[in-house]
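Read-outs throughout are calculated quantities, based only on the coordinates presented, and are distinct from any laboratory measurement. The structure presented is a predicted model; accordingly, all values stated were derived computationally and were not measured. Cβ sites come from the backbone with ideal geometry, for glycine too, and all protein chains shown count toward neighbours.
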Amino acid sequence: MNFPSELKYTKDHEWVRINGDEATIGITDFAQRELGDIVYIDINTIGDEVKKDDVFGTVEAVKTVSDLFMPVTGTVLEVNDALNNNPELVNTDAYGEGWMVKISLASGAEIDSLLDAEAYKSLVGA
C-alpha cells in the first residue's frame, strides 16, 4: 500500500493535500482496497461550505456504499468531473487522478488534527 508522506490523513480514510489556503481531498489507497472496485461517485456539494466530519458525498463499490467525510471545514470549489465517466481512477490512482474535491479552507487550524503518514500507517496496521 502507498502512504505518501506529503499528505495528511483522517481516521475515516480520507487524504488531504494542502496547497496554501486550498486543499485537495480523496480517499486513501487503504480505503479503496477495503471497498473494492469503485463503480460510482456521488458528490453534490459544489459551492457548499461543508463542516469538518460532515458528509460531502458517497462512493459506491460493487458490494457497498460508503459516505465521504470532510476532513476539514471548507467550501467545495471543484469536483473531479473525470470520475463521472471514469470512477475506476480511484481504483488505479487514488492519490493522483482519483482525487474527489478541491476546497477553500475555512481555517488552517484544523489541519493540525489530521494524521501524518506514519500515524495513519499505524492506524491501519501497515
Checklist outcome for this item: Those trypsin sites (Lys or Arg not before Pro) from segment 1-106 that are DSSP loop and have at most 10 other Cβ neighbours within 10 Å turn out to be Lys63
Checklist entry - Trp15's amide H: which non-local residues (gap 5+, or another chain) put their own amide H closer than 5 Å, with H modeled 1.01 Å from N in plane and none for Pro or chain starts? => result Gly26, Ile27, Thr28
Checklist entry - Fewest to most neighbouring Cβ within 10 Å: what's the order for Met70, Met1? => result Met1, Met70
Checklist entry - Given Cα pairs under 8 Å that are at least 6 residues apart, what percent is the relative contact order of the chain? => result 31
Checklist entry - For segment 93-102, in order, what is each residue's ³J(HN,Hα) by Karplus, 6.51 cos²θ - 1.76 cosθ + 1.60 with θ = phi - 60°, in whole Hz (x at glycine and Pro)? => result 8, 4, 9, x, 5, x, 4, 9, 9, 10
Checklist entry - Tally Lys and Arg at +1 and Asp and Glu at -1 over the other residues with C-beta under 11 Å from the C-beta of Ala117: what net charge comes out? => result -1
Next on the checklist: Run the simple label-point estimate for Ser122 and Glu34 please: 7 Å along Cα→C-beta, distance reported in nm.
Outcome noted: 1.8
Checklist outcome for this item: The alpha-carbon center of segment 11-77 and that of segment 78-126 are separated, in whole Å, by 7
